[in-house]
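Here's the structure we're looking at; comments come further down.
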Amino acid sequence: MEISFEPAIKDAAPSLTVLCIEADIENGPTSDTLWNEICRCASDIAASTPMEAVRHRPAIDATRAVYKALGKDPNRYRPSAEALCRRAVKGLELYRTLTVIDLINLLSMASGHSIGGFDADKIEGGRLTLGVGRAEEPYEAIGRGMLNIEGLPVYRDTVGGVGTPTSDNDRTKLSADSRRLLMTVNMYGSSEMPVEEVEAMSCRLLEDYAGSKNIKVTYWNP
């Protein structure tokens with residue numbers, strides 16, 4: 001999957017690195033083993049991170065800085081990694097959905113990076129462009145309905161938007177029938193987890209829990 005970048009993203013996020021992972025998957029119900037790993041991660045975050053410190057985690061802070069540079073309020077449209085970590089700190093139970101969705105949430109909480117997870121077979125045109133949301137651009141977020149993506153970083157295929165750090169689009173979402181994953185780990189700046197560890201954890205989770213084969217890893221920069 002080729003990823004290109006619009007000039008506005010290059011200006012707002014010069015340090016961006018996108019870790020792109022494609023893989024064959026089995027996306028059934030989340031196993032108890034994976035769910036226990038998710039719960040342990042959430043508990044560790046709750047024990048070590050006060051609520052006021054969540055937004056200052058390096059990867060979350062870097063994503064918020066890009067929102068601000070693009071004119072978007074990160075307190076109103078929180079990056080998904082921040083929303084997950086805040087939920088963990090509050091002691092609220094995380095949503096248990098499907099294997100690949102839940103392991104992406106685990107990776108997002110552990111790294112602080114907001115991660116896109118798409119059914120690769122639903123991506124039109126075989127490539128993505130990362131740009132900035134436009135005023136009144138239609139975008140149906142998963143579980144949220146129409147989302148105002150003006151000023152948000154947004155991946156688009158040849159049809160329209162498929163993912164933002166706040167929420168992915170319903171059109172290209174993963175389901176139990178998905179057999180091919182496209183995952184984008186959006187690294188807007190520094191993180192407490194080195195890039196090599198993010199890649200290794202991604203591949204481990206996919207192999208251990210989603211029976212993944214034919215894993216392809218590429219890196220893209222503006």
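Worth pointing out:
- Region 58-83, residues that are in a loop (DSSP other than H, G, I, E, B) and within 15 Å of N186 (Cα to Cα): R78, P79
- Scan of region 178-196 for residues that are more than 25 Å from E150 (Cβ to Cβ), in contact (Cβ under 8 Å) with a residue 24 or more places away in the chain and either open to solvent by 50 Å² or more (accessible area, probe 1.4 Å) or under 16 Å from the mean Cα position of the chain (by Cα) (or both), ordered by number: R179, R180, L181, M183, S190, S191, E192, M193, V195
- Looking across region 47-57, just one residue is open to solvent by less than 40 Å² (accessible area, probe 1.4 Å), touching a Lys or Arg at 6+ places or on another chain (Cβ under 8 Å) and either under 22 Å from S212 (Cβ atoms) or not in a loop (DSSP other than H, G, I, E, B) (or both), and that is V54.
- If you go through region 158-211 and keep only what is acidic (D, E) and in a strand (DSSP E or B), you end up with just D168.
- The residue that is farthest from G133 (Cα to Cα), among those in region 59-79 that are open to solvent by 50 Å² or more (accessible area, probe 1.4 Å) and either hydroxyl-bearing (S, T, Y) or touching a residue at least 12 places away in the same chain (Cβ under 8 Å) (or both), is D61.
- Exactly one residue out of G112, G116, G151 is in contact with a Pro (Cβ under 9 Å, 6 or more places away or on another chain), open to solvent by less than 10 Å² (accessible area, probe 1.4 Å), in contact (Cβ under 8 Å) with a residue 40 or more places away in the chain and more than 24 Å from R180 (Cβ to Cβ): that is G112.
- Residues in region 120-132 that are open to solvent by 10 Å² or more (accessible area, probe 1.4 Å) and either touching a Ser or Thr at 6+ places or on another chain (Cβ under 8 Å) or outside any loop (DSSP other than H, G, I, E, B) (or both): A120, D121, K122, I123, E124, G125, R127, T129, V132.
The values are calculated or read from the model by the stated rules, or taken from the named source; none is laboratory data. Computed from a predicted model, the values in this text were never measured in an experiment. Positions of Cβ are backbone-derived with ideal geometry, glycine not excepted, and every protein chain shown enters the neighbour counts. Heavy atoms of the whole protein, side chains included, go into the accessibility calculation; ligands, DNA and RNA do not. Shrake-Rupley method; radii C 1.70, N 1.55, O 1.52, S 1.80 Å.
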